[in-house]
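The values are calculated or read from the model by the stated rules, or taken from the named source; none is laboratory data. Model, not experiment: these values are computed from the prediction. A quick note on method: Cβ atoms are made from the backbone with ideal geometry, for glycine too, and the neighbour counts reach across all protein chains shown.
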Amino acid sequence: MAESSDRIALPIRVHDFLLALAGRIDDDALTDARELLAVAELDRAVDLLTASLVAGRIPLSADERDELRTLVDAVRSAPALVDRVIVNDNALLPRHRFTTGVMDDPAPDTGVLDAIGRVIEVLPDIRALSCVWRATPAGVPAGPVPQRVVLVETGPDGFAPSTAYRVEQSLRRAGIRASVEVIQAGTDVTEYHADALAVSRRVQLRQVSGRGHDANGESGGSLFTDSPTPRTVTSTRRRYATGAHAEKRSTVDASTGRWQPRIAHDEATAAEPEPDPVKPYEAAAQPVAEPASHVAVAPVEPEPAPALPELALPEPAADADLSSRERELLRQLHQELAKREGESPEETGTNGWTGHQRHSADPTATSPEVNGFPSAEFNSGTDNGGQFSGGGEFNPGDFGGPAWHQSTTEQTAVNGIPPYGGAQG
Amino acid sequence: MGEAAELACHELLLSLAGRLPDRQLWRFRDWLAAGALSELSHVLPLTLLRERVGLLDDEFRLLDAALRPHGADMGLLSSIRELYELPEVGYVFHEHDSDNVGRNSLGDQLAVLLAALLRGRPAVGEVRATWRRARHPSGRGVVEVRRVLLVTATADHAALTGELQRVQRAVGESDPCVEVLPVGYVPLPYHRAALAASELLCVGAENPYGQMVGSAR
């Protein structure tokens with residue numbers, strides 16, 4: 001276990017520890033610690049964290065305290081300070097409520113893309129972005145509520161501490177106060193983050209030139225799905241397990257995108273919670289003339305203003321309802337795929353979706369659809385000229401996948417220019 | 001020892017107003033209010049060193065009285081550079097927010113809240129507010145105008161500071177500036193300038209004469 005921990009870079013371990021404390025210490029302490037982490041002042045980041053825990057009388061589990069002690073040792077800070085942290089494995093953890101807005105509140109993603117468009121253009125491997133309001137205070141010197149929470153998913157080439165810092169700085173410069181939580185694809189998420197994601201508004205990162213947000217198709221497993229029926233979630237936090245924490249980074253397959261267990265029960269549910277699952281596909285099939293010379297970001301198509309339940313407690317019926325939603329999803333998938341089967345290659349070609357042409361031309365490609373849901377893995381070669389590499393392969397952009405994949409293929413058709421990388425062979 | 005160290009630390013943090021970033025200063029004051037002197041003893045000297053903040057002789061004495069009993073590293077304390085005079089106050093103060101017509105302290109929501117909390121309260125003297133802006137704005141971005149609360153008190157200075165900071169944070173001021181001045185405290189130029197441009201919000205139980213105790217020469 002210790003060996004696993006040792007293989008993880010120290011900044012990442014501190015970052016993960018900060019993630020585990022989200023919602024328990026105040027947002028400003030988290031933000032400041034992340035800034036210190038990003039500017040390579042790890043000792044000050046850990047000191048700030050430790051002192052905030054002591055001063056706020058915020059209890060940790062024994063495992064968490066042990067991890068903190070390890071971090072304090074690693075940055076050569078004063079180990080005696082950790083002794084003053086309250087340890088209580090049975091302490092009640094804070095409950096949080098998330099919402100996309102109540103009454104006249106602005107949408108949580110208002111202004112976010114404008115503020116961070118430039119920075120996400122240069123940061124590596126940003127996969128997805130979601131925004132949500134947290135209606136409950138966090139930490140002891142709590143700030144005002146509602147607090148905007150911006151959730152960012154990075155791929156294996158991303159660097160979470162830098163991303164958190166740079167995105168937060170950009171938001172702050174734009175006058176937007178937010179907690180920025182950056183989670184690497186494929187890692188477990190806390191209940192706090194899972195609950196935030198379950199309610200959050202997905203912001204669509206649209207790739208035009210192919211640079212920057214190339215997720216190699218792996219983000220098909222992203223849990224940054226468009227939020228299901230917006231609702232308020234109240235959560236309690238899971239405890240931080242040092243061992244599990246250490247292991248997850250060393251063994252995880254980043255391509256699996258396990259980062260919302262609630263939704264990612266299986267492949268079907270991972271693609272699921274679209275109120276109208278046909279919509280993304282239809283949107284993708286529409287030719288859109290946009291400049292292809294730069295990476296652009298665009299907000300998701302505005303959702304209808306969520307009719308929020310009155311800060312409802314978690315809906316026990318939601319999970320029970322899942323199977324019927326899955327059935328509905330599968331039904332719509334069948335319809336959609338049948339519709340595509342009926343399309344002529346020429347018709348598909350007018351959309352410029354070369355993947356569709358190949359798909360339609362290859363009879364074997366339809367075989368997974370017998371089950372109502374394609375089972376083959378997405379091939380990263382989709383970005384390479386928008387080609388599928390083999391029969392039966394599935395483009396997550398076809399259905400419920402990241403919209404920028406769709407945009408890339410659209411742009412190829414509309415502008416007659418192969419996506420970035422495609423021309424390079 | 002405990003109370004003396006706490007008061008010394010409180011005065012030290014008072015003297016650092018306008019010299020340390022608000023974002024750090026309010027948190028240190030919050031830690032002091034929570035009794036986290038051991039943590040402050042570790043973090044504050046490091047911060048002074050990293051931020052290149054020097055101290056006057058009197059401030060060194062406060063630092064020594066406040067932090068050494070709680071384990072401050074003497075090596076770190078020795079590295080803090082000494083000042084022979086304070087630098088120019090980097091801010092100017094106004095009774096009203098000059099950038100926002102009608103934005104006054106008296107009569108806004110925070111004033112109502114403070115009056116509810118502090119009017120007639122034991123150990124509290126005057127409660128004043130002023131608006132602060134940078135003397136030499138950096139030229140980039142919006143010039144930040146921030147409200148500074150000035151409160152005189154005869155006891156529980158650190159706790160009162162912590163309480164008022166938390167109240168301000170809860171209503172939206174992320175980096176609150178709360179200066180609780182002990183009776184008899186000789187204000188430094190920062191506080192003198194702030195007091196001179198302040199507006200009285202309410203009075204506690206300890207100041208029947210309507211005079212700012214801290215402003216006594």
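Looking only at the range B:30-67, which residues are facing another protein chain (nearest Cβ under 9 Å) and on the phi > 0 side of the Ramachandran plot?
B:Gly35
Yes or no: the range A:61-74 includes at least one residue that is under 30 Å from A:Leu10 (Cα atoms) and free of Cβ contacts under 8 Å to residues at least 12 places away in the same chain.
Yes, the range A:61-74 has at least one match.
Could you tell me whether any residue of the range A:148-155 is modelled with pLDDT under 90, under 12 Å from the mean Cα position of the chain (by Cα) and within 25 Å of A:Ser52 (Cβ to Cβ)?
No; the residues of the range A:148-155 include none that is modelled with pLDDT under 90, under 12 Å from the mean Cα position of the chain (by Cα) and within 25 Å of A:Ser52 (Cβ to Cβ).
Name the residues in the range A:138-164 that are over 15 Å from A:Ile183 (Cβ atoms) and in contact (Cβ under 8 Å) with a residue 60 or more places away in the chain, would you?
Across the range A:138-164, the qualifying residues are A:Ala138, A:Gly139, A:Val140, A:Pro141, A:Ala142, A:Gly143, A:Gln147.
Could you tell me whether any residue of the range B:83-101 is within 13 Å of chain A (Cβ to nearest Cβ) and not small (Gly, Ala, Ser)?
no
Kindly indicate the residue of the range B:17-52 that is of a type in the set (D, E, K, R) and without any contact (Cβ under 8 Å) to a residue 60 or more places away in the chain and also nearest to A:Ala40 (Cα to Cα) among those meeting that condition.
Let us first name the residues in the range B:17-52 that are of a type in the set (D, E, K, R), namely B:19, B:22-23, B:27, B:29-30, B:39, B:50-52.
From what's left, without any contact (Cβ under 8 Å) to a residue 60 or more places away in the chain: B:27, B:39, B:50-52.
On the way: B:Arg27: 21, B:Glu39: 21, B:Arg50: 13, B:Glu51: 15, B:Arg52: 18 Å.
So, considering only residues that are of a type in the set (D, E, K, R) and without any contact (Cβ under 8 Å) to a residue 60 or more places away in the chain, the one nearest to A:Ala40 (Cα to Cα) is B:Arg50.
Does the range B:146-198 hold any residues that are aliphatic (A, V, I, L, M), within 14 Å of chain A (Cβ to nearest Cβ) and free of Cβ contacts under 8 Å to residues at least 60 places away in the same chain, and which are they?
B:Leu164, B:Val167, B:Ala170, listed by residue number.
Which numbered condition trips up A:Gly175, out of (1) on the phi > 0 side of the Ramachandran plot; (2) outside any loop (DSSP other than H, G, I, E, B)?
(2)
Testing B:Thr130 on (1) in contact with a Phe, Trp or Tyr (Cβ under 6 Å, 6 or more places away or on another chain); (2) free of Cβ contacts under 8 Å to residues at least 12 places away in the same chain; (3) among the hydroxyl-bearing types (Ser, Thr, Tyr), one condition comes back false. Which one is that?
B:Thr130 satisfies every listed condition except (2).
Which of (1) at pLDDT 95 or above; (2) among the β-branched types (Val, Ile, Thr); (3) crowded, with 16+ Cβ neighbours inside 10 Å does A:Val140 not meet, given it meets every other one?
So A:Val140 meets the others, but not (1).
Give the range B:68-88 a look and list any residue that's touching a residue at least 60 places away in the same chain (Cβ under 8 Å), hydrophobic (A, V, I, L, M, F, W, C) and in the same structural domain as B:Leu14 (by TED's automatic domain parsing), or say none.
Matches in the range B:68-88: none.
What single numbered condition from (1) outside any helix (DSSP H, G or I); (2) crowded, with 24+ Cβ neighbours inside 10 Å; (3) modelled with pLDDT of 55 or more fails to hold for A:Gln207?
The number of the failed condition is (3).
How many residues are small (Gly, Ala, Ser) and either surrounded by fewer than 21 Cβ atoms within 10 Å (Cβ to Cβ) or within 16 Å of the chain's Cα centre (by Cα) (or both) when one looks only at the range B:35-56?
2
Quick one: which of A:Tyr165, A:Tyr192 is closer than 28 Å to B:Val145 by Cα, in contact with a Leu (Cβ under 9 Å, 6 or more places away or on another chain) and not assigned by TED's automatic domain parsing to the domain that holds A:Arg24?
Being closer than 28 Å to B:Val145 by Cα, in contact with a Leu (Cβ under 9 Å, 6 or more places away or on another chain) and not assigned by TED's automatic domain parsing to the domain that holds A:Arg24 holds for just one of A:Tyr165, A:Tyr192, which is A:Tyr165.
Take B:Arg135 and decide whether it is more than 14 Å from every other protein chain (Cβ to nearest Cβ), in contact (Cβ under 8 Å) with a residue 24 or more places away in the chain and out of contact with any Leu (no Cβ under 9 Å at 6 or more places or on another chain).
yes
Within the range A:91-115, can you find the residues that are in contact with a strand residue (DSSP E or B) (Cβ under 7 Å, 6 or more places away or on another chain) and part of a helix (DSSP H, G or I)? Don't jump to the end; show me each part of the working.
Here is the first cut: in the range A:91-115, the residues in contact with a strand residue (DSSP E or B) (Cβ under 7 Å, 6 or more places away or on another chain) are A:95-101, A:105, A:107-109, A:112-113.
Within the range A:91-115, A:Val112, A:Leu113 qualify.
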